[in-house]
1. Could you grab me the full set of residues in region 136-156 that are touching a strand residue (DSSP E or B) at 6+ places or on another chain (Cβ under 7 Å) and not in a loop (DSSP other than H, G, I, E, B)?
2. Out of the residues in region 47-72 that are surrounded by fewer than 12 Cβ atoms within 10 Å (Cβ to Cβ) and among the acidic types (Asp, Glu), state the one that is nearest to the chain's Cα centre (by Cα).
3. Is it the case that Leu33 is surrounded by 11 or more Cβ atoms within 10 Å (Cβ to Cβ) and in contact (Cβ under 8 Å) with a residue 24 or more places away in the chain?
4. Among the candidates Gln59, Gln100, which residue alone is farther than 18 Å from Lys134 by Cβ and either in a loop (DSSP other than H, G, I, E, B) or in contact with a His (Cβ under 7 Å, 6 or more places away or on another chain) (or both)?
5. Quick check on Glu139: is it farther than 20 Å from Asp91 by Cα and either out of contact with any Leu (no Cβ under 8 Å at 6 or more places or on another chain) or not aliphatic (A, V, I, L, M) (or both)?
6. Read through the list (1) out of contact with any strand residue (DSSP E or B) (no Cβ under 9 Å at 6 or more places or on another chain); (2) assigned to a helix (DSSP H, G or I); (3) surrounded by 15 or more Cβ atoms within 10 Å (Cβ to Cβ), then give the number of the only condition that Val92 fails.
7. Restricting the first residue to region 119-137 and requiring it to be in contact (Cβ under 8 Å) with a residue 12 or more places away in the chain, which pairs with a second residue that is of a type in the set (A, V, I, L, M) and exposed (fewer than 15 other Cβ atoms within 10 Å of the Cβ) meet a Cβ separation below 9 Å and a spacing of at least six or different chains?
8. Here are Lys56, Lys23: which of them is under 29 Å from Ile154 (Cα atoms) and either in contact with a Ser or Thr (Cβ under 7 Å, 6 or more places away or on another chain) or among the acidic types (Asp, Glu) (or both)?
Amino acid sequence: MQLPSSLLENAVQQFSKLPGIGKKTALRLVLHLLKQEVNEVQHFGETIARMRRDIKFCQRCHNISDGDICSICANSMRNQQMICVVENIRDVIAIETTQQFNGSYHVLGGIISPLDGVGPEQLSIESLVQRIEKEKTEEIVFALNPNIQGDTTIYYIQKKIAHLPCRITTIARGIAFGGDLEYADEMTLAKSIANRLPVQQYVK
């Protein structure tokens, strides 16, 4: 793609680094910004830079946060004795959109996948175990993607907390095996949470 300005070309290259954004879409976005007032574009850039610089991760659940503790963990109206274990922050957002879960979360930061070089020590599993022990958690709800890696992660964590007196459940298999939680429709995800199952019936 031959562009008349190196500044324009550099901007297009930066936008095209974003997932799902090709060169044509990147060019369309950049040309849109050129139509905006300079102060609006400057505010846009400063907002993105500030987000990356100042955003934090909750010290309790590892969700994104503006402070040391996220708004979900700080909300006394939620059931803090129930923890929904998810792979990433996108899954927290997906579940919150259903408005069917009123507990807290724990973001693992991935799932166990030896082929990809991801082991238990690279995930926030130990902090989850410590949290369950410290807070005397009543129920763990696993909401991991229904695939081999997700099942392996559930099995590993289940063994780690087997000695603890908390109920262990998982979302129902309304989510297709091999599917991604992020792309499930809200109704299917909501029903999966409402109809969660004991892990013993899920992971063999």
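A short reminder: the numbers here are calculations on the coordinates, not readings from a lab. These figures come from a predicted structure and were not determined experimentally. Ideal geometry is used to build each Cβ from the backbone, glycine not excepted, and the neighbour counts take in all protein chains shown.
1. Glu139, Ile140, Val141, Phe142, Gln149, Ile154
2. Top of the filtered list is Asp66.
3. Judged against the criteria, Leu33 is not a match.
4. Gln100
5. No: the conditions fail for Glu139.
6. Failing condition for Val92: (1).
7. Final answer for the pair search is Val129/Leu164; Ile132/Leu164; Glu133/Leu164; Lys136/Leu164; Thr137/Leu164.
8. Lys56
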